[in-house]
Amino acid sequence: MFHTKPLAQLITEANETGTHTLKRTLTATNLVAIGVGVIIGAGLFSLTGIAASNNSGPAVTLSLGVAALGCVFSALCYAEFASMVPVAGSAYTYSYATLGEFFAWIIGWDLVLEYSVGAATVAISWSQYLTRFLAKYNLVLPYQLAFSPFESATLQDGTTVSGIINLPAMIIVLVITAIIIRGVKGSALYTTVVVALKVSVVLLFIGLGWQFINPANYQPYIPQNTGTFGEFGWSGVLRGAGVVFFMFTGFDIVATMSQEAKNPKRDMPIGIIGSLIICTILYALFGHVLLGIANYTEFKNSAAPVAIAIDKTPYNWLGQAIILAILFGYTSVIMVDLLGQSRVFFSMSRDGLLPKIFSEVHPRFQTPYKSNIVLGLFISLFAGLVPIRVVGEMTSIGTLLAFVMVCIGVLILRKKEPNAPRAFRTPWVPLIPILGILSCGTMMAALPADTWLRLIIWLVIGLVIYFGYSRKRSNLHPTDTP
């Protein structure tokens, strides 16, 4: 259970070539675009207002700073691992090399939850935003074809209708699956175009909204605590950091693409750290303008705080542009979630912990196409038939756990393999990894109890699979034959 995968073996796998390996086509620019593409998702347009109204008030910019700081510590550790071990699998692979198979399985299973449920949730939201966008142009999708069979609504004429299937959500998952099967180069090109559009809209909101900032909306900057932990005050800033942390997740997905980078030792640190820096700057400016245009109390129970802010400006047309940006943003998030999940499955399958179907590579496109097809079909059915309230809100706790494991891994590997070649070295070790562990661990502790419960239930399911299937079939498990 606690056997580690030798570092030399991981490096050998990273240098493999042939039809059974992933194709190296990604540059540093592609990796930065992929990171920014998934980091700047629709969370920016919704979670900022939610965290401000429920937790931190105008000090949501401080919450963003705390979350970003925790990410910086972890990103530096990720960059060292990615430069040393440029193999698909990200935190799963790193944990396998340092903490052992059991902890690697926990992290891999944890990432599966993050990517698959995340992709399904985003696809359902994408469908709802699409119907809202088309309705502005009198193009109305029937309710029955845009919602799951477990959802119903009352129309304007008083009749009640029930959904049959969320067709747009299914279609977008299948279309993106088809794109990534043909290769990550095309996926990266699409992501680069989408990133340019999303960043343009964010900059447009910041530029046009700055002149409508009312300084009175920043008072008090940190509202007085209500007497409950997490509801304003400094505990609210900390709880808000845990809420908005989801907005920064994505640079870890860049690490799953190591085996498809042209020059991973140089490009992976650039992709990981570069995307995080760009998004942190944009987030801080966006949050400052949003909370300056409207008072934080106006965002209560609103999933569309940007629309509230836009109503206070003469730029009503910007609302449709924001929805369009959200649609594009969602597609890139779905794409990178599906890419990340299939690459984690690819690594786990090659290690014998999952069936071999997940590591079979297409002879022409050199992508794990069978894994993409299986996951795409499953997630599309999930998105089409399950209501969003059951799929649940994507949480940050799984990613925070992975970040803690990676920071621990750097400390262990510096002790076990001090002379191993490192194209990028995390500075100020052990200080940076320890700060990463403390910051991410603190944000995990500040999250609600139900978030912990969902994580524990999922991990218990994973343990049943590990002890019932994976452990006996692991490549590290001794065989009975000579």
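All of the numbers you see were taken from the coordinates with simple rules; none came from a lab. Since the model is a prediction, treat every value here as computed from it, not as a measurement. A quick note on method: Cβ atoms are made from the backbone with ideal geometry, for glycine too, and the neighbour counts reach across all protein chains shown.
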Under a straight-distance cross-link criterion of Cα-Cα below 17 Å, which lysines are reachable from K300, leaving out those fewer than 8 residues away in the same chain? K312
Rg(Cα) of region 7-473 divided by 2.2 N^0.38 Å? 0.95
What does the extension gain come out to for S152 and I357, with contour length at 0.36 nm per residue minus their alpha carbon separation? 70.0 nm
Extension gain (nm, one decimal) between E417 and Y469, 0.36 nm per residue minus Cα-Cα: 15.6 nm
Given the rule -39500 (n - 2.57) for each run of at least 4 DSSP H residues, summed and divided by the residues of the chain, what is its mean residue ellipticity at 222 nm, to the nearest 500 deg cm²/dmol? -20500 deg cm²/dmol
If unit charges are put on Cβ atoms (+1 for Lys and Arg, -1 for Asp and Glu) and the dipole of region 7-473 is taken about its Cα centre, the option from L447, A169, N138 lying farthest towards the positive end turns out to be A169
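Which of the chymotrypsin sites (Phe, Trp or Tyr not before Pro) found in region 134-176 are in a DSSP loop and have at most 11 neighbouring Cβ atoms, other than their own, within 10 Å?
Working: sites: Y137, Y143, F147, F150; in loops: Y137, F147, F150.
Sites meeting the loop and neighbour criteria: Y137.
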Which of G158, N419, I106 sits farthest toward the positive end of the charge dipole of the chain, with +1 on the Cβ of Lys and Arg and -1 on the Cβ of Asp and Glu? N419
Could you work out how far helix 318-350 tilts from the main Cα principal axis of the chain, as a 0 to 90 degree angle to the nearest 10? 20
How much length would be gained if the chain were fully extended between I373 and R182, taking 0.36 nm per residue of separation minus their Cα-Cα distance, in nm to one decimal? 67.6 nm
Provide the FRET efficiency to the nearest 0.05 for the Y137-E231 pair, computing r from the beta carbons and using R0 = 45 Å. 0.65
Provide the net charge surrounding P269, with neighbours chosen by a C-beta distance below 13 Å and charges set as Lys +1, Arg +1, Asp -1, Glu -1. +2
Between L145 and K312, what is the label-to-label distance in nm when each label sits 7 Å out along the Cα-to-Cβ direction? 4.0
Nearest-20 debye value, region 7-473 charge dipole, Cβ charges on Lys, Arg, Asp, Glu: 1000
Would you please give the residues with an amide H less than 5 Å from that of T367, counting only those at least 5 places away or on a separate chain, with H modeled from the backbone geometry? H362
Would you mind checking the tilt of helix 397-416 against the longest principal axis of the Cα atoms of the chain, expressed as 0 to 90 degrees and rounded to 10? 30
Could you work out how far helix 369-385 tilts from the main Cα principal axis of the chain, as a 0 to 90 degree angle to the nearest 10? 30
Pull up all non-local amide H partners of A146: gap of 5 or more, or a different chain, and H-to-H distance under 5 Å with H placed in the peptide plane. I164, I165, L167
